[in-house]
Each structure stands twice: as C-alpha cells, then as structure tokens.
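Let me begin by presenting the structure, written as structure tokens, before commenting on it.
The values are calculated or read from the model by the stated rules, or taken from the named source; none is laboratory data. The structure displayed is predicted, hence computed values, not measured ones. As a convention, Cβ positions derive from the backbone with ideal geometry for all residues, glycine included, and neighbour counts pool all protein chains shown.
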Amino acid sequence: MRLSDFPEQDVEVWPEHVDACLLFCSVSTQWRVGMGGATGLDYPAVFATLDRLHRGKTDAERDAIFADVQVIERAALEEMNSRD
C-alpha cells in the first residue's frame, strides 16, 4: 500500500484528546497479531512510549491518557474486523 491509496482527510481533534491521539499515532505500528489478525496493541510498547512522551504528567494523567488510547484501540479493532 502507498500513501496515495488513502484519501487525504483533515480530522479535528479536541484539545482534551490530543495526548491520547499522539500516543496512539506513535504506537500505531505496535499491534499484536494472531491467526485472525490484530488482537490489540502491544502494551509494553504503549507504556514505554507513554512514559517517554508524557514524563511531566502525573500518574493519574498518564492513566487517563492510557484509558483514552484503549477507547481508540477498541474502535480501531472494530473497524479492522468489520472489513473482513
């Protein structure tokens, strides 16, 4: 696949979701894959990237970012599985 295979599309991200969106984009190549396809993100990679990107945040703030990424992950898995 090439970038040209995908239509260019602007997407608005609300300020309160920017951290989770950036984290998800940073780990978007870190999927665990089984016989049926992607099963979820590789959490050790997610946590390492989360710690690296958001060092200055509190534990509670990082926990909230991770929870938001899990919402994005579930939606991505649903979308990927709907294409079968």
### Query
If you check every pair at least six apart or on different chains, which have Cβ atoms under 8 Å apart with a residue in segment 35-48 that is within 14 Å of MET80 (Cα to Cα) and free of Cβ contacts under 8 Å to residues at least 60 places away in the same chain first and a residue that is acidic (Asp, Glu) and in a loop (DSSP other than H, G, I, E, B) second?
GLY37/ASP84
### Positions within segment 53-73 being over 15 Å from the mean Cα position of the chain (by Cα) and assigned to a helix (DSSP H, G or I), in sequence order
ASP59, ALA60, GLU61
### Task
May I ask you to list the residues in segment 16-48 that are β-branched (Val, Ile, Thr) and in a loop (DSSP other than H, G, I, E, B)?
VAL27, THR29
### Message
Against the condition among the small types (Gly, Ala, Ser), under 11 Å from PHE24 (Cα atoms) and at pLDDT below 95, how does ALA38 come out, does it pass?
### Response
no
### Task
Inspect segment 35-49 for any residue being of a type in the set (Val, Ile, Thr) and exposed (fewer than 11 other Cβ atoms within 10 Å of the Cβ) and give the result as yes or no.
no
### Task
Taking VAL13 as meeting all but one of (1) out of contact with any strand residue (DSSP E or B) (no Cβ under 9 Å at 6 or more places or on another chain); (2) assigned to a helix (DSSP H, G or I); (3) not acidic (Asp, Glu), write down the number of the exception.
(2)
### Message
Yes or no: segment 27-46 includes at least one residue that is among the basic types (Lys, Arg) and over 15 Å from the mean Cα position of the chain (by Cα).
### Response
no
### Message
I need the full set of residues from segment 30-57 which are among the β-branched types (Val, Ile, Thr) and touching a helix residue (DSSP H, G or I) at 6+ places or on another chain (Cβ under 9 Å), in order please.
### Response
THR39, VAL46, THR49
